[in-house]
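Chemist: Handing you this structure, nothing more for now.
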Amino acid sequence: MLTIVFITLLAITAASYAMGRRRAFAVVHGAPENLHSRPVYHGAFVAAWVGIPACLLVVAWLALQGPIIEALLVDSLPEQKIKGLAPGQLDLLVAEIKSVAAGNIFGQPDAAVREAAARYNGWQDIAQWSMFTCAIAAALLGLALTRRRISATFRARHGVERVMNIIMIACSLIAILTTLGIVVSLLVEALRFFDRVPWTEFFFGLNWEPQIPIREDQVTAGGAFGAIPVFTGTLLIAGIALLVAVPTGLYSAVYLTEYANPRVRAIIKPILEILAGIPTVVYGFFAVLTVAPAMRSFGETIGMDIAPNSALAAGAVMGIMIIPFVSSFSDDAINAVPHSMREGSYGLGATKGETIKNVLLPAALPGIMGGILLAASRAIGETMIVVMAAGLIARLTANPFEAVTTVTVQIVTLLIGDTEFDNPKTLAAFALGLVLFVVTLGLNVVALRIVQKYREKYE
Amino acid sequence: MSDIASTKDTAQYWGSDAHKRMVARRHAADKRLQFYGMAAIGLAILLLGILVASLVRTGYVSFIQTKVNLEIPLESSRIDATKPQAANYRVIVRNAFRALFPEVKGNRNLRNIDKILSSEARFIVRDYVVANPDMIGKMVTLDLPLSDPFDQLHKGVIPSQVEALTKREIGLFRGLVSRNVVSIQDGRTVVQIDAFVDPKKVLPDNLAFGDYGSIVKEGFRSYFLRRGADTSDSLLAPDAGDALKAYVEANPDAIGKTVQVKVPLASDYDAIFKGEVPMATNPRFASAEQVAAFNSLEIRGLISTPFNWELFVNSDSRFPEQAGLAGAIVGSFYTLLVCFLISFPMGIAAAIYLEEFAPTNRLTDLIEVNINNLAAVPSVVFGLLGLAVFLGFFGLPRSAPLVGGMVLSLMTLPTIIIATRAALKAVPPSIREAALGVGASKHQVILHHVLPFAMPGILTGTIIGLAQALGETAPLLLIGMNAFITSAPGGVLEPATALPTQIFSWADSPERGFVSRTSAAILVLLGFLVAMNAIAIFLRQRFELKW
């Protein structure tokens, strides 16, 4: 149905473009030099006013149709059927009616449900057809109104450019809308979570056991939401990653900027960048397939017990991934140090190494720090490596050979599979997401600020 | 260098031994730093090499598939020509396969034989018959896939035999050897124990039926007092008691006394002591006979390993030998298509506005800050957004490529906007001025003259953004694109998986065969990424104009 609507609209729009263009030729009797705007603009003007309002109408209709029909459906249900139902049970009933309406009948639905399903299907049909009619009416209305305006002096180009401006501004606003969407959706769900679990428990509790019983008789942990062990696990793994990435990245940047000849540099730099382009799920599998077993057997030979999903394996592999972040930011920072400083140092008789250690690195430090902070934010927000290679159980430990869990692991495991938006388990994921978003955003803002300040200093 | 100034007689200091040593030290420090740099780069490249090598090493075997050449009689008594899909192909295939092993008898052995063939083989035969109904009543020869363990065995991924003893068991035995109580007697490895011949267990008037076994075990346990009692029993041969029996029968007065006897060890330990490595059938296989049956197939030349087209033609399956990537590739294609259709026009429109039209004010500043920050938001947060807004609020279907593409387009948008702005900036002002000079409006200048020149740069950025989106996993997991779906999606609203989520679910599967399938899927994904990046580089080098 939807496809038919869009195809029809597309056809009408294309036809109205042709009609507008022909009309423009017609009003000046085939002499387009007498028009203010070229005929294509007349066509585009008509097409824009035919296609865009009708499409917006369809989109708005689709967004509103579901909730309105649902409200009608609930109103139409017999009184005794919905009396005393909790909102959750009402949702279940509505879902049952919908699935019966879609033809998936399980068991024997009672008569009221069957009737409601029939009504639901009827309304669904009415809505579809009226949407179709309204959209085409809107398109034809647009055609009638704009086609009449075409004349030799009509400034169609200005009209088209105005429409283009509005579209471009709307597209630019998507960035703000996305941020807003993230903040609002995280905040709303997180606040619902804090309604049920006090925020003091979340931020200061030491016990994280989110698997709460679904049925009365199920034996599980009680459902504790103290996120401190999750946070410390995240910091432990990110810390290990930085311990791997910072020295490797920094030393390779120093070598590439100061020692390597341009040919070597042109080959090595893209190879390092490959490390950042490999999908993280590949790193996760690499950690499980190669790194963790290797560490485990190494631990066995020296008589140490390393967990198969130890923080060390996940952190080390994550470190490999963020090497290019550190190295390319350090590279930029070292390159940005003015040549005069370098030459001054050589002039005093310093060796290359001494120049790097005493002049370049101190001068480039802010830029390097910015790069490290960005790498840290990347490490904290990294998901797939830890989902595959780190543990699930929150443990408050600083021992890298044990398994720990992270914020992102918890978000994914809490939300994978069927999700209902009304239990603290799934809402907890949004609270964790909010913390993650705020922390990474803070790190990014600080890092970008540092990098920018530093650039200004030397420009 | 401050120590130069503190030297009293500078002239004498130059060229002195102390000075030479200092210079040498400084140069050594310089060389050291250079070495560290090279070591760091070497380490990074080595790690990249290990990553690729381990994937290739485990993954390449999945590009071939072990198959058996099987003659199947399509008896018309078993297949109804009017309803060929309804016949019992399980029995048809089973009987045809069992016919290769006429010597195997017994239900258990026959069932083990059945397990050599993939349990999906019957569907292949069914599809063949449905496609070729005129073959009913004839004998057909088909290449059918083997089940996962035998596929792995034939490719040499898993051995047919494994070491029978664990390291711990060998360690126990070595401890025993170091006490100098193990020796060889009459060709068998024996251990010397102190056994108390308990009169309650061995009655003097009935020496033949004493409980010698438990006496021997008890005596042997004294070597392993610190461990649990049952750990030591498996080291002894089943007939260990007989050695004691023979001794007691020869010396009946030993009853009630502690005697020194040498009892034989189990055959595996016997082998170790003689310097061999004891082997046992790999527990992945049901029995040694099953492996022997498979080997006979190999000897008869019925086994072949053609290229594994199924990897690209089949969709997901519970059985690794039949699992393929078709569904995931189609799902990824739809997802990227939606992502491209949304982010490409929107990204260009936003970039043109910000670069060419936007006045410098608070709003545009806010937009720019937002774009830069969105590029650094963790991907899982976009998944949360998709879950809460697209699925929760707008009620779009779970696992649909449409939703996946919408979420990914939000992540790709900053990349495209940044690339487009850079490309627009690179078009020289002379182009704009010339167009303006002949009377074009600002929109015409950009659409007709600037944008075409910027297009290669924009396309390069877009392809790189889409390549990133292709590898993105976490947001797709949250909107349910890791579901188990056995057919390729027919549209953007049908449930689907994508390549990276397929990799994730295969990596989580316990079957051994999925390890190499996962590596193969990763190689396919990396292949797509390399191809996309190569196209981007080609576009940049071929079409980008240098001014």
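The values are calculated or read from the model by the stated rules, or taken from the named source; none is laboratory data. Keep in mind that what you see is a predicted model, and the values were worked out from it rather than measured. Counting neighbours? That spans all protein chains shown, and the Cβs are built from the backbone with ideal geometry, glycine included.
Chemist: May I ask you to say which residue of A:GLY367, A:GLY391 is modelled with pLDDT under 90, assigned by TED's automatic domain parsing to the domain that holds A:VAL438, within 30 Å of A:ALA314 (Cβ to Cβ) and part of a helix (DSSP H, G or I)?
Modeler: None of the others qualify; the one that does is A:GLY367.
Chemist: Among the listed residues B:ALA280, B:ALA243, B:ALA286, which satisfies the condition of being more than 27 Å from B:LEU176 (Cβ to Cβ), among the aliphatic types (A, V, I, L, M) and either outside any loop (DSSP other than H, G, I, E, B) or not assigned by TED's automatic domain parsing to the domain that holds B:ASN112 (or both)?
Modeler: On inspection, the qualifying residue turns out to be B:ALA286.
Chemist: Let me ask something else. What residue, among those in segment A:35-68 that are β-branched (Val, Ile, Thr) and more than 34 Å from the chain's Cα centre (by Cα), is farthest from A:VAL94 (Cα to Cα)?
Modeler: A:VAL40
Chemist: Looking at the structure I just gave you, is A:VAL5 more than 35 Å from the chain's Cα centre (by Cα) and touching a residue at least 60 places away in the same chain (Cβ under 8 Å)?
Modeler: No: the conditions fail for A:VAL5.
Chemist: Using beta carbons and a limit of 8 Å, which pairs, at least six apart or on different chains, have the first residue in segment A:257-282 and under 17 Å from A:PRO324 (Cα atoms) and within 10 Å of chain B (Cβ to nearest Cβ) and the second one of a type in the set (D, E, K, R) and assigned to a loop (DSSP other than H, G, I, E, B)?
Modeler: A:PRO279/B:GLU472; A:THR280/A:GLU382
Chemist: A further question on this structure: Within segment A:369-412, which residues are within 14 Å of chain B (Cβ to nearest Cβ), more than 24 Å from A:ALA276 (Cβ to Cβ) and surrounded by fewer than 23 Cβ atoms within 10 Å (Cβ to Cβ)?
Modeler: A:LEU392
Chemist: Quick one: count up the residues across segment A:4-35 that are more than 11 Å from A:ALA152 (Cβ to Cβ), buried (at least 20 other Cβ atoms within 10 Å of the Cβ) and of a type in the set (Gly, Ala, Ser).
Modeler: Matching residues across segment A:4-35 total 2.
Chemist: Looking at segment B:425-478, which of the residues that are among the polar types (S, T, N, Q) and away from chain A (no Cβ under 12 Å) is farthest from B:GLY347 (Cα to Cα)?
Modeler: Step by step, filter segment B:425-478, then rank; the result is B:SER430.
Chemist: A further question on this structure: When only residues in segment B:376-397 that are surrounded by fewer than 18 Cβ atoms within 10 Å (Cβ to Cβ) and more than 9 Å from chain A (Cβ to nearest Cβ) count, which is modelled with the lowest pLDDT?
Modeler: B:LEU396
Listed here are the residues, each with its yes/no results for (1) touching a Leu at 6+ places or on another chain (Cβ under 9 Å); (2) at pLDDT 90 or above; (3) not charged (D, E, K, R).
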site: A:GLY344; (1), (2), (3): no, yes, yes
site: A:LYS352; (1), (2), (3): yes, yes, no
site: A:ARG395; (1), (2), (3): no, no, no
site: A:ALA398; (1), (2), (3): yes, no, yes
site: A:THR405; (1), (2), (3): yes, yes, yes
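Chemist: Continuing with the same structure: Closer than 30 Å to A:GLN89 by Cβ, at the interface with chain B (Cβ under 10 Å from one of its Cβ atoms) and either hydroxyl-bearing (Ser, Thr, Tyr) or surrounded by fewer than 22 Cβ atoms within 10 Å (Cβ to Cβ) (or both): does that describe A:ILE416?
Modeler: Considered against the rule, which asks whether it is closer than 30 Å to A:GLN89 by Cβ, at the interface with chain B (Cβ under 10 Å from one of its Cβ atoms) and either hydroxyl-bearing (Ser, Thr, Tyr) or surrounded by fewer than 22 Cβ atoms within 10 Å (Cβ to Cβ) (or both), A:ILE416 comes out as yes.
Chemist: Can you tell me which residue among A:ALA118, A:ALA95, A:ALA144, A:ALA137 is closer than 26 Å to B:ALA388 by Cβ, out of contact with any Pro (no Cβ under 6 Å at 6 or more places or on another chain), of a type outside the set (Lys, Arg) and part of a helix (DSSP H, G or I)?
Modeler: Answer to the check: A:ALA95.
Chemist: Using beta carbons and a limit of 7 Å, which pairs, at least six apart or on different chains, have the first residue in segment A:151-172 and under 12 Å from A:HIS42 (Cα atoms) and at the interface with chain B (Cβ under 7 Å from one of its Cβ atoms) and the second one hydroxyl-bearing (Ser, Thr, Tyr) and part of a helix (DSSP H, G or I)?
Modeler: From residues that are under 12 Å from A:HIS42 (Cα atoms) and at the interface with chain B (Cβ under 7 Å from one of its Cβ atoms), the pairs are A:ARG157/A:TYR41.
So that you can scan it fast, the table gives a plain yes or no per residue for (1) among the β-branched types (Val, Ile, Thr); (2) within 30 Å of the chain's Cα centre (by Cα):
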| residue | (1), (2) |
| --- | --- |
| B:ASN373 | no, no |
| B:ALA400 | no, yes |
| B:VAL427 | yes, no |
| B:ILE431 | yes, no |
| B:LEU470 | no, yes |
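Chemist: Of a type in the set (Phe, Trp, Tyr), in the same structural domain as B:TYR353 (by TED's automatic domain parsing) and not in a loop (DSSP other than H, G, I, E, B) - does that describe any residue in segment B:433-454?
Modeler: Among the residues of segment B:433-454, at least one is of a type in the set (Phe, Trp, Tyr), in the same structural domain as B:TYR353 (by TED's automatic domain parsing) and not in a loop (DSSP other than H, G, I, E, B), which makes the answer yes.
Chemist: List the number of the failed condition for A:GLU459; all other conditions in (1) surrounded by fewer than 19 Cβ atoms within 10 Å (Cβ to Cβ); (2) at pLDDT 90 or above; (3) more than 14 Å from chain B (Cβ to nearest Cβ) hold.
Modeler: The failed condition is (2).
Chemist: Follow-up question, since we're still on this one. Return the residues of segment A:297-312 that are farther than 25 Å from A:ALA245 by Cβ and part of a helix (DSSP H, G or I); say none if nothing qualifies.
Modeler: A:GLU300, A:THR301 - these are the residues of segment A:297-312 that are farther than 25 Å from A:ALA245 by Cβ and part of a helix (DSSP H, G or I).
Chemist: Across segment A:299-321, which residue is nearest to the other protein chains (Cβ to nearest Cβ) among those that are more than 25 Å from A:LEU396 (Cα to Cα) and surrounded by fewer than 21 Cβ atoms within 10 Å (Cβ to Cβ)?
Modeler: The residue in question is A:THR301.
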